[in-house]
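The values are calculated or read from the model by the stated rules, or taken from the named source; none is laboratory data. The structure presented is a predicted model; accordingly, all values stated were derived computationally and were not measured. Glycine also receives a Cβ, built like all others from the backbone with ideal geometry; neighbour counts cover every protein chain displayed. Each accessible area value is taken on the protein alone, full model and side chains, heavy atoms only, with ligands, DNA and RNA left out. Shrake-Rupley method; radii C 1.70, N 1.55, O 1.52, S 1.80 Å.
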Amino acid sequence: GSLGGYVHEEGLLHGGGIFLVAVINRMVGLPAWAPAVYVGIVLALLAALAVRFAFAAPWPATPGARAVQQARQSAILGAVLLVALSPHYPWYFAWLTPVACLAELSSVYWLLIAAPLLSHGPAKYLSLAALVYVPAAALAVLDVRRAHRRSLP
């Protein structure tokens with residue numbers, strides 16, 4: 001029952017509480033419909049990742065390898081969701097900890113290590129959020145490149 005109030009309180013409806021939308025809005029100004037488009041893009045990205053993980057990823061033969069793969073996929077989906085919504089409180093990242101132990105993704109490790117920075121100032125200070133989300137995005141690119149190199153023959 002309190003989801004509507006929470007969405008309003010965190011600035012998700014108008015985009016002010018979403019890091020990427022807030023940064024772009026400060027630079028160029030966005031129309032009122034931009035946050036809705038952003039949410040649609042995020043949902044499409046999450047759906048594409050989920051479909052790829054469920055149907056296109058090869059299934060490892062051993063149970064241990066399957067557990068690591070599923071942990072990595074869970075960590076990726078969770079990290080994409082969290083970075084896309086850019087929560088203002090560090091405790092939203094805690095649930096990634098168990099899967100991060102198996103996932104071995106530097107971007108997820110960074111999110112877990114840097115998330116406490118979010119508790120050091122109001123959400124309107126984008127510099128604190130930038131210290132968490134920008135390096136995480138850069139490390140995610142490196143994680144993807146590393147995974148691609150491992151899959152090459």
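Can you work out the accessible area per residue across the stretch 2-153, with the rest of the protein chains kept in place, probe 1.4 Å, in square angstrom? Present the calculation step by step, with values, prior to reporting the outcome.
On the way: 9220 Å² over 152 residues.
Computed with neighbouring chains in place, this is 61 Å² per residue.
Ordered by residue, what ³J(HN,Hα) values in Hz, to whole numbers, does the stretch 79-95 give under the Karplus form 6.51 cos²θ - 1.76 cosθ + 1.60, where θ = phi - 60° and Gly and Pro are x?
5, 4, 4, 5, 5, 5, 7, 6, x, 9, 10, x, 5, 5, 8, 4, 5
Using only Cα atoms, find the angle between the long axis of helix 126-151 and the longest principal axis of the chain, and express it within 0 to 90 degrees, rounded to the nearest 10.
Computed tilt is about 20 degrees.
Using a simple spin-label model with points 7 Å from Cα along the Cα→Cβ vector, what separation in nm is obtained for Leu45 and Thr97?
2.6 nm
On a C-alpha basis, how far is the centre of the stretch 1-54 from the centre of the stretch 126-142 in Å? Whole number, if you could?
So the separation of the two Cα centres works out to 17 Å.
Assuming a ≥ b ≥ c are the square roots of the Cα gyration tensor eigenvalues, decide whether the stretch 17-116 counts as rounded (a/c under 1.5), prolate (otherwise, with a/b larger than b/c) or oblate.
Values: a/c = 3.54, a/b = 1.63, b/c = 2.17.
Oblate.
What's the magnitude of the charge dipole for the chain around its Cα centre, counting Lys and Arg as +1 and Asp and Glu as -1 at the beta-carbon? Answer in Debye, nearest 20. Mind dumping the intermediate values first?
Values: 9 positive and 4 negative charges, 101 e Å.
It works out to roughly 480 debye.
With all protein chains present, how much of the accessible area of the stretch 1-104 (probe radius 1.4 Å) comes from carbon and sulfur, to the nearest whole percent? Each step should come with its number before you reach the end.
Numbers: 4580 of 6280 Å².
With neighbouring chains kept in place, the figure for the stretch 1-104 is 73 percent.
Can you compute 3J(HN,Hα) from phi for each residue in the stretch 33-50, using the Karplus curve 6.51 cos²θ - 1.76 cosθ + 1.60 with θ = phi - 60°, rounded to whole Hz and x for Gly and Pro?
7, 4, x, 5, 5, 4, 4, x, 5, 4, 4, 5, 5, 4, 5, 5, 4, 4
Could you order Arg149, Arg66 by accessible surface area, starting with the largest, using a probe radius of 1.4 Å? Show your work: numbers first, answer last.
Numbers: Arg149 155, Arg66 60 Å².
Reading off the accessible areas and sorting them downward yields Arg149, Arg66.
I need the peptides 136-148, 42-54 ranked by packing, meaning the mean over residues of other C-beta atoms within 10 angstrom, with the highest value on top. Please list the in-between numbers first.
Working: 136-148: 14.5, 42-54: 12.5.
The packing order, highest mean first, is 136-148, 42-54.
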